[in-house]
Each structure stands twice: as structure tokens, then as C-alpha cells.
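K.L.:
Questions regarding the structure given below will be posed in turn.
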Amino acid sequence: MDADKTWDINISTGREWALLLILAGIQFTHILDFMIMMPLGPQLTQAFAISDAKFGLLVSAYTFAAGASGLFASLYIDRFERRRLLLVLYFLFAVATLACGLAPTYETLMGARVAAGLFGGILSAMIQTIVADVVPFARRGKAMGVIMTSFSVSTVMGVPLGLFVAANSSWHTPFFGIAGISFVLVVAAVYVIPTLQGHLHARGETGPLQGIAQVLRDPNHLIAFCFSFCMIFAGFSIIPYITIYMQTNAGLSPSEIPLIYLAGGAATLFSAQIIGKLSDKIGKLKMLQIIATIAIIPMALITQTEGMGKIAILIITTCFFVFVSGRMIPGMAMVSAAGNPKNRGTFMTLNSSMQSAAMGLAALVGGHLIERNAEGLIENYWLCSVIAIVFNVIAVLIARQIKVYR
């Protein structure tokens, strides 16, 4: 599988960078819309008088909706021109996020989160598909590094700013900000993203169910799906409950929580670029093996920070963000190249559904594992680390079996 399977989109280097920045911006708002729920956990549980398990359900609702919409989208995603489909979905995502900010009750917020998941859950797959269509495999690690930088920006700027705004106004306000940025990016995307329809000619008259069947019949696709599931499950066994644990057990105040995301985001802002370049230089698989192995250390330590000093906590959480998110750069470069180009959109959408399911299941498992004792402290969080490490190791073993279209 060594043929270059981009669709010969002739754009200048400057246009390519503008495209990557717009896609990173879309990814930024999509990730921030999901991530902002986790640091807002203490405020939402208090505002709606809900349990940690119900908060976990609120987080999972988005991901389960995203997974369901991904399954449905796999029927049609390769049957439409990519640019137009992305713009429509992103606009509807912005509207749903605005509805989250307007939600007056737990039930209405749940409904708005489901709607945001239905439209937003497909965005990552669309972005990765467009990158794979336009950027050759030899440069794709660096390109994925740019896209993954959106995770860093969402933590270094978005999450702390969202928490600050929420602390000084209400939890509704961050959603208004995300929606506003999204509407601006919709307009910018109209002028920057090129028309992408090479896949329409390649797939011919294949029906939607036939397209899915072709994807699912390919053993390489199934291996890639299992890899994605394990990678995401490992991270989200821990991530949704970091804020709650740090406030209740580690003793950080609400005003100190943004420091975790600020330090972690700032570090990954630089590490993502380095990991992306090294992935292209020494190989995606080798880089994945290195980063995922190192990630085991902060995975084990982050749920054991009770009684530690603030500096030690910041070092551990920063390493967690750097290496756990860093795994995804070479990992997603491999996954984006594992799909047959003529059905790449269907493959990436099904992969996105797999990732969404992993997020939701991991959040639910974590929510049922952790408990509150009589003093209100979190117990059994260490079990989430055990699960994360096991799935992380399985992902690395599976990655060796993935074949890529270069």
C-alpha cells in the first residue's frame, strides 16, 4: 500500500497552512465544547443538584450522540462533496452549542448536549478525512500536529478562560463564547476550504450500505477501529474526573484548577509540533510506541496526587496532558492512512463513532468506579488508572498490525 492517495488538490503552501489553521480552529471549538463540561463539573453538579454519576451521564450523552450520528453519517458521508457537508454540519453544531448556553434545566441541557453531539461528533472525522485527502502521508504527521494543537489551545486558553468567565458570571457564558467563535469560523471556512470531490469519482455508483460493507470487510479497517477505541478509552477513563478529584482530594481550590489546564495546554502547544515532526522523521509507529510507553507514568500518578504539593501536582498533570494527547498525533496519522481512499470518509466516520463510544463508555465506567466516602472524598479513582494503562498497552500492541496507504 505505497501509492500516494491524496486527490491531487493543487493548493499553494500558504493555502495549505490556511486550510490547516481553519480546520484546527473548527477542531478547537469542537474539542472545547466537549472539554468545557469536565472542568465545569463542580458548578453543574451544584447548579442542578445532581450526583457525579448523573454528571458522567451528561458528559457521555454528547459522546453517545456523536457515536450514533457517526454511524448514520457513514451511510452518506462519501456521497457528498466534503466542503459543503463540513460547513452545514459545523453551522448546526454552532446552533446546538448556543442552545447549551440557553439551557435553563438539567433536562434541557441534556437535550442540547445530545444535539451538539449529533452534529459535532462528525466534525473530527471530516477534518481528518480532508487532511488525508489533501496532505501527502510524508507530511501528515506534521499536519496532524497542527490539528492536534487545537487540543492544546483549547486547554491553554479556552478552558481556563471558560472557567474564569463562568466563575465571574455563570456556567452558561462559556457556551455562548464557543458558539460565537464557531459562527465566525463558518464564514472563514467558506473562503478557505477548497472543493473536494475526488472521492465521488473514485467510488462510482456504490450504494451507501455497500460502502459500509466494503469498509467493514477490510481486516485492516477493523484493526484500526480497535486501535482507536483502546487509545481513547485509555485517556477518558481518567480525564472526565480530574477536576473533581483535584478539588476534593488533592486540595486545589476552584481558582487553582485552571492552572492545571494552563500548564498542560502550554506544554502541549509546543510538544504537539515536536511530536508531529518526529513522527514524520523516525516513523509514526515508533513514535507512538515511545510516547505511549512514557504516558504510562503520568497515567499511574495522576490518580495518586492526594497529599502532594501543588508543584508536584502541576508536573504530573502537565506530563499527563503532553504524553496522553501526544499519543494521538502519530496514532491518528496512522489511522487516517489505514482507510481505503475511495471510502475514506466512511472509514473515518465509523472510526469517529468508535472513538465517541469509547469516550462515553470510559466516562460511564469511571463514574461507576469512583465513589464518595463519608467526608465527601473520591475513592477508587486509582482503578481508572489501572484500566487506562491496560487499554494503552493493548493499543500499542494493536498498532503494530496496522497497514497504511502512503
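The values are calculated or read from the model by the stated rules, or taken from the named source; none is laboratory data. Just so we're clear, the structure is a prediction, and the values are computed from it rather than from any experiment. Every residue, glycine among them, receives a Cβ derived from its backbone with ideal geometry; neighbour counts consider all protein chains shown. Ligands, DNA and RNA are stripped out before the accessible areas are found, and what is left, the full protein with its side chains, is counted by its heavy atoms. Shrake-Rupley method; radii C 1.70, N 1.55, O 1.52, S 1.80 Å.
K.L.:
Residue check: is Gly307 outside any helix (DSSP H, G or I) and farther than 15 Å from Ile402 by Cα?
P.N.:
Against the criterion (outside any helix (DSSP H, G or I) and farther than 15 Å from Ile402 by Cα), Gly307 qualifies.
For (1) touching a helix residue (DSSP H, G or I) at 6+ places or on another chain (Cβ under 9 Å); (2) farther than 23 Å from Arg139 by Cα; (3) open to solvent by 60 Å² or more (accessible area, probe 1.4 Å), each residue gets a yes or a no:
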residue	(1), (2), (3)
Gly264	yes, yes, no
Lys277	yes, no, yes
Ile282	yes, no, yes
Leu288	yes, no, no
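K.L.:
Look through segment 335-351, keep the residues that are open to solvent by 10 Å² or more (accessible area, probe 1.4 Å) and in a helix (DSSP H, G or I), and return whichever of them is modelled with the highest pLDDT.
P.N.:
Leu350
K.L.:
Conditions: (1) open to solvent by 30 Å² or more (accessible area, probe 1.4 Å); (2) in contact with a helix residue (DSSP H, G or I) (Cβ under 6 Å, 6 or more places away or on another chain). His368 meets all but one. Number of the miss?
P.N.:
Against the list (1) open to solvent by 30 Å² or more (accessible area, probe 1.4 Å); (2) in contact with a helix residue (DSSP H, G or I) (Cβ under 6 Å, 6 or more places away or on another chain), His368 comes up short only on (2).
K.L.:
What do you reckon, is Thr318 under 22 Å from Ile244 (Cβ atoms), touching a helix residue (DSSP H, G or I) at 6+ places or on another chain (Cβ under 8 Å), not acidic (Asp, Glu) and not in a loop (DSSP other than H, G, I, E, B)?
P.N.:
Taking the combined requirement at face value, the residue satisfies it.
K.L.:
Considering (1) part of a helix (DSSP H, G or I); (2) at pLDDT below 95, say which one Ile297 fails and leave the rest.
P.N.:
Unmet for Ile297, out of (1) part of a helix (DSSP H, G or I); (2) at pLDDT below 95: (2).
K.L.:
Condition check: of a type in the set (Gly, Ala, Ser), free of Cβ contacts under 8 Å to residues at least 60 places away in the same chain, over 29 Å from Ala143 (Cβ atoms) and not in a helix (DSSP H, G or I). Does Gly376 satisfy that?
P.N.:
It is false that Gly376 is of a type in the set (Gly, Ala, Ser), free of Cβ contacts under 8 Å to residues at least 60 places away in the same chain, over 29 Å from Ala143 (Cβ atoms) and not in a helix (DSSP H, G or I).
K.L.:
Can you tell which of Ile294, Ile313 is more than 30 Å from Ile77 (Cα to Cα) and open to solvent by 40 Å² or more (accessible area, probe 1.4 Å)?
P.N.:
Ile294
K.L.:
If you don't mind, another one. Kindly provide the set of residues from segment 177-209 that are at pLDDT below 90 and either among the aromatic types (Phe, Trp, Tyr) or in a loop (DSSP other than H, G, I, E, B) (or both), ordered by number.
P.N.:
Of everything in segment 177-209, those that are at pLDDT below 90 and either among the aromatic types (Phe, Trp, Tyr) or in a loop (DSSP other than H, G, I, E, B) (or both) turn out to be Tyr191, Ile193, Pro194, Thr195, Leu196, Gln197, Gly204, Glu205, Thr206, Gly207.
K.L.:
Something else: May I ask you to verify whether Thr63 is in contact with a helix residue (DSSP H, G or I) (Cβ under 8 Å, 6 or more places away or on another chain) and of a type in the set (Ser, Thr, Tyr)?
P.N.:
Judged against the criteria, Thr63 is a match.
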